[in-house]
Structures are given as structure tokens and as C-alpha cells.
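The structure under discussion appears below in the form of C-alpha cells.
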Amino acid sequence: IDQVPIAGEMILPALLNDARQAGFILPQAPYSWLFAMHEKKLQRLAMVELDCHSPAMYSWEALALQPSANDLDASGGIAHSPAATAAWLSRGRGRPELQQAVESAERYLARSANATQIGIPGVVPTVWPVTGFELGYGLYTMALLGLCQEEQLASAVRERSRELEIIYRTGKGVSAGEYFTVEVDSTAVSAFVLDKLGLPYEPDYFMRFHNGEHFTTFDHELNPSTLSNIHGLAALAAGKMASPEIEAFVLQHQAADGLWVVDKWHASRLYVTMEAVVSLSLHGRTDHLAAVERGLLATQSSAGGWGTNGADTVLETAFAYITLTIIHQTTGVSASGRRAMANAGRFLDLHADATSSPERFWLSKELYSPVRVDALYIVAARFLHMSEQRMVTYEQLPTVN
């Protein structure tokens, strides 16, 4: 289930039903498990009243709803999804009572196409805008790795962190976009940032997603996310709150080879492993690190890089390098680990012109890359390598006056 694209349990069954109604005979048996998930999700949605901020609206095209002007959020589109907005537009055009809403949806799609900077009409992101995602994850990575302390970045960090504080406070948490529903990942990483930079935040805004056993990303989700619990664990560390049950939840997804399994939001094991090592280290957990180091050494290529699909990528090498850096600062790495870091550093040097990565590992309706966020991981790994600066401990993180 974690490898199904986001909203796949809604969209693919709907497409298969459309195909059948159009006269295409397709085998249904291979998708029986997906139809079961579809029915389970529909049962949950039947218990709630949907509005433009509901997570389920992201798959509006599969909900068999009649278009309403109330479906559009303040972005002008449907749930920050160009695909859902386009589907709404196709059903809403030609209805006089929806003319203003139709024009709003058209403007949203035009703006989302412009955001790709490709210049091809109709080519749109899988999700847009991603303001909260970029702010929260960007500052989170910078705070963890000590980049917020750099004098050249101090002014920008202060400006962006105060912007994040306003979003957190007024939205009672943070959405990945601007007008979409608040979720635990963006809220938790933002809470961590605000705490470390000395800005006020309300812990209840991320704790409301804690159901006693684990964190949920959204209300009414089918399966919990490892990454969401990793980020919740980091926010708990910021508030100096222990949570053995969340630590156990995160650790149970570490595989026998030492690395974490993929998550519903991300297809790279190296990314999930990096994030897990970060959060667990904030709680003083070290018992898993030797296995992580072994797993990384076993999967490093002779060229010094790492890659999930058999070919080294700069982005995944950055994930692995950051992870080894954290281990080195926490318990120390072996002599083999130090050689692996040196080889990875040389790999990063050889690809110094790569400021972004063509790979797409984030899971939505399709694989995608939030390019600014992914680029920051590459920059951060290079920063650690070039300056030989290591992970800043929790108590050493900076405060903004």
C-alpha cells in the first residue's frame, strides 16, 4: 500500500470503472485489493462532510461529485491539484452559475503551468503551490545541519522563519501548500524550526495528530506514514517530550539490511533512513546506527555514490553522506565508514555542477521533485563535506533574537 501513488486507491478504480463503462474489457482480478481499499476509503469519507480543505478533495476527479463553486479554495483551484482542477473544469464549463469559478480555475491552471518554468502550455506540476512544504522542510534541514548559523544566511533565515511563524500561528499548523489542509509533516518540522530559532509555537497543533499509538498525516488516512512519525518525533524532541511508542513505531520499519523501507510519501530508502537517523538521534537513540552504517557501506557503489535504481544519483548520495555524518558525530563511524565518506565526498566533488537532481522520489499522484527542497539536501551535503562541519547537537542549535 505504501507504494501506491497518493490517491491511487481512489483514482485507479474510478478509471477502471470508466473504462468498463466505455466498453473496454479489462481484467479486474489484479486490482481486487485496490477496489477493497477504495471501498474502505469511501466508507470513511461517508462519515465526514467534505469541503474545499478536505484532503480527499485532492482526488476530486475520482469522487463522482457535481462541480460546485465551493469546491475551489483560495488558490483558485481544487486542493492544490492541477489534475483535480482540470477535471472540475471539464465538468463545470458551460454552466452559467459557475462562470466566475471556471475563470478562477483557469487562472489557477495558468499560474501552475508558469510555476514549472518550462513554458509549455498544459504542462503543470503534480501539486502546486507548495509554500509551506518549502519553508518548513527547507528551514528544518538548515537548522539540523547548522546552516542557520552561517552569517551570510542569517538575514534570510530570520525573514523566512518569521514568515513561517505567522503561517504556523494563523493556520493552527502548516499546510504543504498555502490553502490546503494542515498536516503533521509540515507542522512538525515547522514546530522544530520555530523552537530552535527561539520563536513561539503551539505544540497542540502537531499533537492533535497523535492518536495514542502513532501520528497520522491527515485525518481519515488508511495507513500511517513512517516519515510522518519521524517528523512528529523530531517535534517531540523540540518540546523535550519523550515518546517510546513513536520511537518503536519508527524503528519497526528498519529492515534487516539496516536501512529503512520506503514510505508512502517518498520512494527512496536512503531518504527515509536519513530522516529516521536524524529524529532518533535527537532522542539519544544509538542502538540502530551500526546496522545503518553496515547497510550504507553495502550499497555504496565503487564510484562512491548511491542510487536506489542501480545508478548513482547526486541526491541519494547526499542523503547517504548526511546520514554518515550524523552517525560520525553521534557514535563515530568505523574506518570503513570514514573511507565511504571520503569516497562519497569525492563523488560530490565530481558532480559539483549539479545543483539539482533529475530524479523524482516524492510520491503524489505521480513521482515528483520539490526542486528547491531537494536541491537544499545536495547543498547541505556539499557544505558538510567542504567545511568538514558535522551535525550540530540539539542543544547547540541557534536562537534568533
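Here, each number is a calculation from the coordinates, and none is a lab measurement. Just so you know, these numbers come straight off a predicted model, no measurement behind them. Neighbour counts are summed over all protein chains in view; Cβ atoms, including those assigned to glycine, are modelled from backbone coordinates with ideal geometry.
Output the peptides 4-14, 274-284, 363-373 sorted from most to least packed, where packing is the average of other Cβ atoms within 10 Å over each peptide's residues. Before the final figure, lay out the partial values.
On the way: 4-14: 19.9, 274-284: 22.8, 363-373: 17.2.
Peptide ranking by packing, descending: 274-284, 4-14, 363-373.
Starting from the Cα gyration tensor of the stretch 1-47, take the square roots of the eigenvalues, sort them a ≥ b ≥ c, and report rounded, prolate or oblate (rounded when a/c is under 1.5, otherwise prolate if a/b is larger than b/c, else oblate).
Working: a/c = 2.06, a/b = 1.52, b/c = 1.35.
Here the stretch 1-47 falls in the prolate category.
So how far, in whole Å, is the C-alpha centre of the stretch 262-294 from the one of the stretch 1-39?
After rounding, the separation between the Cα centres reads 33 Å.
So, with +1 on the Cβ of K and R and -1 on the Cβ of D and E, and no other charges, what is the size of the charge dipole of the chain about its Cα centre, to the nearest 20 debye? List each step's numbers first, then the result.
Working: 29 positive and 43 negative charges, 75 e Å.
The dipole magnitude comes to about 360 debye.
So what's the angle, to the nearest 10 degrees on a 0 to 90 scale, between helix 184-196 and the longest Cα principal axis of the chain?
40 degrees
May I ask you to order 144-157, 192-205, 36-49 by the average number of other C-beta atoms within 10 Å around their residues, highest value first? Please list the in-between numbers first.
Values: 144-157: 16.4, 192-205: 19.9, 36-49: 13.1.
Taking the mean over residues of other Cβ atoms within 10 Å, the ranking is 192-205, 144-157, 36-49.
Positive end of the dipole of the chain, charges at C-beta (+1 Lys, Arg; -1 Asp, Glu), about the Cα centre: which of 369, 15, 129 has its Cα farthest in that direction?
Farthest towards the positive end: 369.
Angle, helix 154-171 long axis vs. longest principal axis of the chain, Cα atoms, 0 to 90°, nearest 10?
40 degrees
Which one, 138, 153, 117, is farthest towards the positive end of the dipole of the stretch 67-157 when Lys and Arg carry +1 and Asp and Glu -1 on their Cβ?
Most positive-ward Cα: 117.
Determine the distance separating the Cα centre of the stretch 220-245 from the Cα centre of the stretch 144-213; give it in Å without decimals.
Centre-to-centre (Cα) distance: 15 Å.
Can you give the angle from 0 to 90° between the axis of helix 131-144 and the longest principal axis of the chain, with both taken from C-alpha atoms, to the nearest 10?
Helix 131-144 sits roughly 10 degrees off the main axis of the chain.
Given the peptides 178-191, 212-225, 256-269, arrange them by the average over their residues of other C-beta atoms within 10 Å, most packed first. Spell out each step's value before the answer.
Numbers: 178-191: 26.6, 212-225: 16.7, 256-269: 19.4.
Answer by packing, highest mean first, reads 178-191, 256-269, 212-225.
Nearest 500 deg cm²/dmol is fine: what mean residue ellipticity at 222 nm does the chain get from its DSSP H runs of n ≥ 4 alone, each adding -39,500 (n - 2.57), divided by its residue count? Spell out each step's value before the answer.
Numbers: 15 runs with 201 residues, N = 401.
Roughly -16000 deg cm²/dmol at 222 nm, from the helical runs in the chain.
Specify which residue in the list 280, 220, 206 is farthest towards the positive end of the charge dipole of the chain, using unit charges on the beta carbon of Lys, Arg (+1) and Asp, Glu (-1), about the Cα centre.
Of the candidates, 280 comes out farthest on the positive side.
Let's see if you can work this out: charge +1 on each Lys and Arg Cβ, -1 on each Asp and Glu Cβ, no other charges. What is the dipole magnitude of the stretch 1-47 about its Cα centre, in debye to the nearest 20?
Working: 4 positive and 4 negative charges, 23 e Å.
Its charge dipole is roughly 100 debye.
How big is the dipole moment of the stretch 16-139 about its Cα centre under a simple scheme where the beta carbon of each Lys and Arg is +1, that of each Asp and Glu is -1, and everything else is neutral? Debye, nearest 20, please. If you can, show how the numbers build up before the last one.
Numbers: 9 positive and 11 negative charges, 55 e Å.
That gives a dipole near 260 debye.
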